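First up is the structure itself, then whatever we jot down about it.
The values are calculated or read from the model by the stated rules, or taken from the named source; none is laboratory data. These numbers come from a predicted model, not from an experiment. Cβ: placed from backbone, ideal geometry, glycine included. Neighbour counts: every protein chain shown.
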Amino acid sequence: MSLVADTLAAPQRAMAPIVPARAAAKPSLVGATRGELAEALAAIGVPQREIRMRVTQLWHWIYHHGIRDFAAMLNMSKHLRAALAERYSLERPQIVTEQLSTDGTRKWLIRMPQLDTSDRGAEIECVYIPESDRGTLCVSSQVGCTLTCTFCHTGTQRLVRNLTTAEIAAQLIIARDRLGDFPGLARPDDGLVPAGEGVRAISNIVFMGMGEPLYNFDNVRDAIEIMSDGDGLSLSKRRITVSTSGVVPEIPRLGQESGAMLAISLHAVRDDLRNTLVPLNKKYPLADLLEACRTYPGASNARRITFEYVMLKGVNDSPAEARELVRLLKRIPAKINLIPFNPWPGTKYHCSDWDVIERFSDIVFNAGYASPVRTPRGRDILAACGQLKSETEKVRARARMIGEG
C-alpha cells in the first residue's frame, strides 16, 4: 500500500517527451555502499593501506556534502581526483518530470540508467510531502509490483525488476538536491519546504512507493544503511519506515538487520476478505502475520508498528470490523492509520462516507490506539502511486505504434 495512494485523481499535466533510457558512460558512485567504494578505489590502484581512509573521505563528500564533481574533494590529491573522474562519475538518475502541488507535495518520475543492453530503463516514482515539523520522502523499492492488491493502482502494473541498493538510495540524494537539503544549497523559493537553522527538508523516509520492499530485502536493507549512516545522509532509523503487505518470513529479518520501523498494509480483519484485497494473505494469513508483529524485534510503545487500513465503502468499514481490529491487535504496540480510499480509473471500490470513517476511528481510539485519518495530499498533481508511470507507459506504447505504422 502506497503512502501516495492517499491522493484523489485529478487531470494529468502534460508530460515531458519520452526519450530512450541510456546506459551511463561511466559507473556512478552515487548510492554505493562502503564496500563498493573500496572496490572502486582498489580498481584504480589505490594502495590497500589507504583504502579505508579514502572510503571515509569519499563517503563524506558524496553523502554529507552531496558533491557532484570529484574536483571539489579538496582533501584528496589531484592525481586521485583525476583517476576517479576518469573511471567513475557522480551522476544521479534522470528526473523525467517534476510536479508541484499547491499544498507543497512534489512528485518526481525518475529514470534509472540502463543496467545492461537488455534493460529498457527503469522508471519509478518518488514523492515528497512537507509538513510544518517534518518532510517525508516516499521511495520505491521495485519497478512495478508483483502483488495484485485489488484496491491498489500499482497492482495493475507488472513487476519489471527490483531496484538496486544504489537506485533506492539515489532517490533520497536526488530529493535532497532538489530541495536544497545538502550544505550550501538553497531551499526552493516557493516557501513550501520546511526551513530554518538546523531544519532538514527531509527528516523521514517511508518505503511506501512502488513495489513490495520485503521482496527486495537485501537491497532495501543496504539502502537503509546508507541512508542512516551518521557520517553521511544521517537519518535516524526511527524515522525510516518499511511498509509490507505481509511477507511474514522477512519481517523478523527486517527488525534484526535494519532496525527500521515497521508498517503493515492490513486493510481487513478476516482472512476471506483479506484474501481478496491482499492476495498475499492466502500464503501468509492474518494469524501468522500478527504473530510476526507481536515478536518484531525492537517493537515497544516507543517504537510502535503502524497498521495501514484503507477505508472501502461497504467492504471493511463497519463498527464490527473496527472492534475486531482492536481485538486482533491486542498485545501489539500499534497505531492505526485510516486511509480514505481514492478511486482510480477502472476500480470497483468507493471511499467510505466521512461519518463512517469517524465512527470507525472513534471505536479504535476509545480502545486505546492512536487512529489518525490520513489527510489526502497532492490531489492536483495526481500523486497516487503508479498513475504517472501508467501514463508514461501509454505514451511509450503510442510511440511504438507510430514507429511500427
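Here are the numbers for the structure shown:
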item: Every residue from region 160-194 that is surrounded by 15 or more Cβ atoms within 10 Å (Cβ to Cβ), more than 16 Å from the chain's Cα centre (by Cα) and either of a type in the set (D, E, K, R) or under 19 Å from MET208 (Cβ atoms) (or both); result: VAL160, ASP177, ARG178, LEU179, ASP181, ARG187
item: Options ASP380, ASP362; residue that is at pLDDT 95 or above and farther than 21 Å from ASP271 by Cβ; result: ASP362
item: From TYR284, TYR296, residue being surrounded by 15 or more Cβ atoms within 10 Å (Cβ to Cβ), farther than 28 Å from SER236 by Cα, under 25 Å from the mean Cα position of the chain (by Cα) and among the aromatic types (Phe, Trp, Tyr); result: TYR284
item: Within region 250-281, considering residues that are polar (S, T, N, Q) and under 30 Å from ARG134 (Cα atoms), the one surrounded by the most Cβ atoms within 10 Å (Cβ to Cβ); result: SER265
item: Strands (runs of 3 or more DSSP E) wholly inside region 88-144 containing at least 1 residues that are among the aromatic types (Phe, Trp, Tyr); result: 106-111, 123-130
item: In region 325-357, the residues that are within 23 Å of the chain's Cα centre (by Cα) and part of a helix (DSSP H, G or I); result: none
item: For GLN171: the one exception among (1) at pLDDT below 95; (2) assigned to a helix (DSSP H, G or I); (3) touching a strand residue (DSSP E or B) at 6+ places or on another chain (Cβ under 6 Å); result: (1)
item: All positions within region 233-249 that are buried (at least 20 other Cβ atoms within 10 Å of the Cβ) and over 15 Å from the mean Cα position of the chain (by Cα); result: LEU233, GLY246, VAL247
item: Residue check for VAL206: over 15 Å from ILE62 (Cα atoms) and crowded, with 22+ Cβ neighbours inside 10 Å; result: yes
item: Selection count where residues are in contact with a Leu (Cβ under 6 Å, 6 or more places away or on another chain) and part of a helix (DSSP H, G or I), scope region 358-373; result: 1
item: Residue within region 213-232 that is in a loop (DSSP other than H, G, I, E, B), assigned by TED's automatic domain parsing to the domain that holds ASP317 and either under 22 Å from VAL143 (Cα atoms) or among the hydrophobic types (A, V, I, L, M, F, W, C) (or both) present; result: no
item: Check on ARG398, among the charged types (D, E, K, R), at pLDDT 55 or above and part of a helix (DSSP H, G or I); result: no
